[in-house]
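I have placed the structure first, in the form of structure tokens, so that the comments after it can refer back to it.
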Amino acid sequence: MIKLQLRRLRPGMVPVQSIYNSSGARYLVKGTPLTESYIQKLKQVGIDSIYVMSTNPDIEVKPPEDVLQEKTRAMAVEHVYNLFENVQTQNLMDIEPVEKASDAILSDLILRRKNLVQLTDIRTYDMYTFAHSVNVAVLSAIIGTLCNLDHRRMHQLTLGALLHDLGKTRVPLGILNKEGRLLPEEFDVIKLHPRWGSEMILGLSLADVSMLALPARQHHEHMDGKGYPYGIAGEQIHIFGRICAIADVYDALTSLRPYKKPYPPHIAYHIMKDCSPGQFDEELLNLFFRNVAIYPVGTVMKTTHGYAIVKKISFGKTDRPLVVLFANPDGRPMPPREIGLHDEPSEEIVKVLTDADLYTFIHQIGFDPEKLLADDA
């Protein structure tokens with residue numbers, strides 16, 4: 001799996017991510033081999049790079065499955081987009097389609113729970129909020145399932161997470177999509193969106209509305225009391241708020257924004273685990289990262305004994321996946337050999353190759369390690 005500039009794409013390459021436009025429609029479905037017309041369309045809409053499974057169009061390997069079906073994700077993004085659009089333009093809140101999206105997300109999660117979360121989609125800047133809301137709902141539902149929440153609470157959590165950023169409909173777009181650092185007064189406006197969203201949800205005629213409002217109201221609160229808008233701490237923050245806070249930050253870190261590039265999952269892991277003391281519920285955070293792909297399938301890394309590609313991830317062992325070793329520490333190819341890093345405590349992950357490093361490395365050794373996954377397909 002590697003991110004390539006459009007000029008390096010070739011027909012036959014398999015994209016790892018679906019690509020959405022500003023209204024939630026898909027330009028491209030992941031797993032669909034590229035054609036020249038697809039590549040030209042991506043150029044026309046301003047996409048400058050995408051993840052593909054391999055630099056070699058002849059290597060036939062499918063991207064890892066997500067917990068969400070493509071049709072469910074597209075439907076959920078469209079319904080969230082329509083809700084936000086109607087709120088902004090008509091002050092109309094029709095929640096029923098979003099409720100259906102929530103139910104579909106939970107149905108997929110039940111049927112596809114074995115699939116660890118991998119890369120999902122990329123979006124144009126102006127539709128970040130809509131796809132972000134869907135991803136936060138999926139991630140929140142995963143954590144809720146791991147916490148053994150009952151069906152009613154899972155429904156409340158998932159629907160509440162889909163609505164967690166509803167208050168952003170009151171934030172001026174110039175602030176919401178600003179490139180660069182916000183001015184203090186602009187950030188003060190941003191900090192109002194949890195309260196606004198909560199108030200909007202509480203105004204709905206829905207059962208359990210007070211529970212549905214919790215993710216919106218509390219997803220920016222910190223366990224140490226340094227969050228916003230209310231500065232509450234610890235157990236004062238409902239479990240829905242603590243779950244949604246983790247999902248919100250993880251998706252924000254791993255997403256493309258006007259002011260930053262996306263972080264790969266292992267960097268997001270270290271930021272949330274090591275660089276944000278006091279922000280998250282540590283027990284929930286550890287539970288989350290034991291069950292999402294810190295090193296997604298197809299990640300190429302250098303270990304103590306050489307270069308390897310991630311082949312399989314197991315629940316509870318996401319930081320120590322099964323890899324295929326294919327080159328020695330000096331980069332010389334060697335007969336492929338599987339290593340379960342979880343069973344080899346002395347085998348350390350030295351570094352994860354960046355896309356630029358991987359592109360150069362593949363051409364130096366004349367071999368794309370993704371082929372090792374295709375041979376096993």
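The residue among ASN82, GLN69, ASN56 whose Cα reaches farthest toward the positive pole of the charge dipole of the range 5-118, with charges on the beta-carbon of Lys, Arg, Asp and Glu, is ASN56. Taking all protein chains into account, the per residue accessible area for the range 115-247 stands at 38 Å² (1.4 Å probe). Among the chymotrypsin sites (Phe, Trp or Tyr not before Pro) within the range 281-322, not one is in coil by DSSP while having at most 10 neighbouring Cβ atoms inside 10 Å. Scanning the chain for long hydrophobic helices, with DSSP H runs required to stretch 18 angstrom or more by C-alpha along their axis and to average at least -0.5 on the Kyte-Doolittle scale, returns 96-111, 128-146, 239-253. Between LYS261, LYS312, LYS273, the residue with the greatest mean-square fluctuation in the GNM of the chain (Cα pairs under 10 Å linked by springs) is LYS261. Sequence-distant contacts, meaning Cα pairs under 8 Å at least 6 residues apart, place the relative contact order of the range 140-227 at 34 percent.
Considering only LYS317, LYS71, LYS100, the Gaussian network model of the chain with Cα springs below 10 Å gives its largest mean-square fluctuation to LYS71.
Here the range 1-103 exposes an accessible surface that is 43 percent carbon and sulfur, computed with a 1.4 Å probe and the other protein chains kept in place. Here r is the Cβ-Cβ distance between ASP103 and ASP343 and R0 is 41 Å; the resulting FRET efficiency, rounded to 0.05, is 0.55. Over the chain, dividing the summed -39,500 (n - 2.57) contributions of all DSSP H runs of at least 4 residues by the number of residues returns a 222 nm mean residue ellipticity of -12000 deg cm²/dmol.
Magnitude of the charge dipole for the chain, about its Cα centre and with charges confined to Cβ atoms of Lys, Arg (+1) and Asp, Glu (-1), is about 580 debye. Here each label is just a point 7 Å from Cα along the line to Cβ, and for LYS191 and GLN90 those points are 3.6 nm apart. For the chain, a Gaussian network of Cα nodes joined below 10 Å ranks ASP251, ASP355, ASP150 by mean-square fluctuation, and the top entry is ASP150. Find the relative contact order for the range 1-89 and round it to a whole percent, using C-alpha pairs within less than 8 Å whose residues are 6+ positions apart. Relative contact order, the range 1-89: 36 percent. Residues whose amide H lies under 5 Å from that of VAL117, counting only those 5 or more places away or on a different chain, are ALA293; hydrogens are built 1.01 Å from N in the peptide plane. Summary value for the chain: 14 percent relative contact order, contacts being C-alpha pairs under 8 angstrom separated by 6+ residues.
Applying both filters, DSSP loop and at most 11 other Cβ atoms within 10 Å, to the GluC sites (Glu not before Pro) of the range 156-196 gives GLU179. Computed from the C-alpha gyration tensor, the three semi-axes of the ellipsoid equivalent to the chain are 36, 24, 19 Å, from longest to shortest. Full extension of the segment from LEU256 to GLU36, taken as 0.36 nm per residue of separation minus the current Cα-Cα distance, would add 76.7 nm.
The values are calculated or read from the model by the stated rules, or taken from the named source; none is laboratory data. This one's a predicted model, so the numbers in the text were calculated from it and none came from an experiment. Cβ: placed from backbone, ideal geometry, glycine included. Neighbour counts: every protein chain shown. Areas reflect the complete protein model, heavy atoms only, side chains present, ligands, DNA and RNA absent. Shrake-Rupley method; radii C 1.70, N 1.55, O 1.52, S 1.80 Å.
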